Amino acid sequence: MDRVDRCIVLVDAGYLLGAAASLLAGEPSRSRITIDHAALIQGLRERAESDTERPLLRIYWFDGAPDRVPQPEHRRLRVMPRVTVRLGALTRSDGRWAQKGVDAAMHAELTELARNRACSDVVLVTGDGDLLPGMMAAKEHGVAVHLWAVQAADGDYNQSEDLVAEADERRVLDRAWITKAVRAKEAGVVCAPVAAPRPEIAAILSAPLPDSALTSAERAADAAGPDRRPPAAPGTNGTQDRGPAAKGVPTPKDLAALRAPSGQPGQPPAGATLRWSSDKGWVERPTAGESPEAAALPTLAQLTTAEQRWADREEDITTVGGDPFEVGQVFARRWMARLPEPSHLHRLSGMYPRIPHRIDGELLRYAARFGLLAHKDDQIDEHDRYAIRAGFWREIEARSPAEQVPTGE
């Protein structure tokens, strides 16, 4: 068999998944669909080999990611056989996400493959007319170009007409084909289970934050007096709630201040430490202020062997989805499974709802592997941080004897 008698598939993930979401959920948002990536890749391979009558060489998956940091789906895809992931940038403008550099990368790959006679047939899953020059160049090198479309929700074209006219062959991936790997989410479905009511959590979330947690703008507004404060929202009778519901979830530093030994909310205990700073990102601070009970708790890194570390990374890549709540659960499950004695778990349960600083910092660093840092200038979004910690405590509670975890009653 001549080396060129094989096919290659180039997938514009933004087009494929956006069009699938429009078809199945009524809007082009990936958050509205769930994707079985293994089934999708297998479906693309089988369809390509059938349509071109050539064996598959490789599937190139082109997608955007914040700062080109691989997201959980990219991590799963790039370890699949015959799949290569190419990432462009994902930027937010006017409230909408947009890919940058994906079309250029597809164009460069297409022309290079054709020039090097790497294949006889190329399957393009895209709708962008910017790929027209690349398509024409591939044809000039003797490559047959197959253009695949996703069935349009309105029954019309969702591809550039110039691409359609230039392609050697055109196929439509219809609803029946798409739904083998993609499903629309039901309205109101929540990825993480709803946590049971916790009175102490409710008390912390409803309490005012200490002055140290206020933003500079809020402190300036307070100093200026009531007449200089921003207008109150309608229906608030001129008052403003300073609770975390308005400013977000309290950080570990806020929780430490609210639970100060002195019993004075707003006065953090002496020597309080924090590994993750909402203002500065990752920082290393001494742990001298940590309680002896907290300092005695081992970190996951201390409990993990080299073999377990390798297995953990394999699990992270292949099975962990990257949902913040799930990330917290996975971390807690590993930590509990490797504890040398149950007393450590009992000691941790007595610190609820705070996670000791060393373990909390390690938990957030673990979450950073899943692209969760990309929300705000290399900082984890505070709602994601809350979900990560909530997942941690939910797993602790689910796998601990009932008497070990406080219920707040």
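The values are calculated or read from the model by the stated rules, or taken from the named source; none is laboratory data. Just so it is clear, the model here is predicted, and its values are computed rather than measured. Neighbour counts are summed over all protein chains in view; Cβ atoms, including those assigned to glycine, are modelled from backbone coordinates with ideal geometry.
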Of the residues in the range 331-352, those that are in contact (Cβ under 8 Å) with a residue 60 or more places away in the chain and either crowded, with 17+ Cβ neighbours inside 10 Å or within 15 Å of the chain's Cα centre (by Cα) (or both) come to F331, A332, M336, Y352
Can you tell me which residues in the range 86-132 are among the hydrophobic types (A, V, I, L, M, F, W, C), surrounded by fewer than 23 Cβ atoms within 10 Å (Cβ to Cβ), part of a helix (DSSP H, G or I) and within 24 Å of the chain's Cα centre (by Cα)?
A105
If we ask which residues in the range 369-405 are of a type in the set (A, V, I, L, M), at pLDDT 70 or above and surrounded by fewer than 19 Cβ atoms within 10 Å (Cβ to Cβ), their number turns out to be 1
Could you list, in sequence order, the residues of the range 53-68 that are of a type outside the set (D, E, K, R) and part of a strand (DSSP E or B)?
L56, L57, I59, Y60, W61, F62, G64, A65
Scan the range 103-134 for residues that are in contact with a Leu (Cβ under 8 Å, 6 or more places away or on another chain), of a type in the set (A, V, I, L, M, F, W, C) and under 23 Å from I41 (Cβ atoms) and report the count.
9
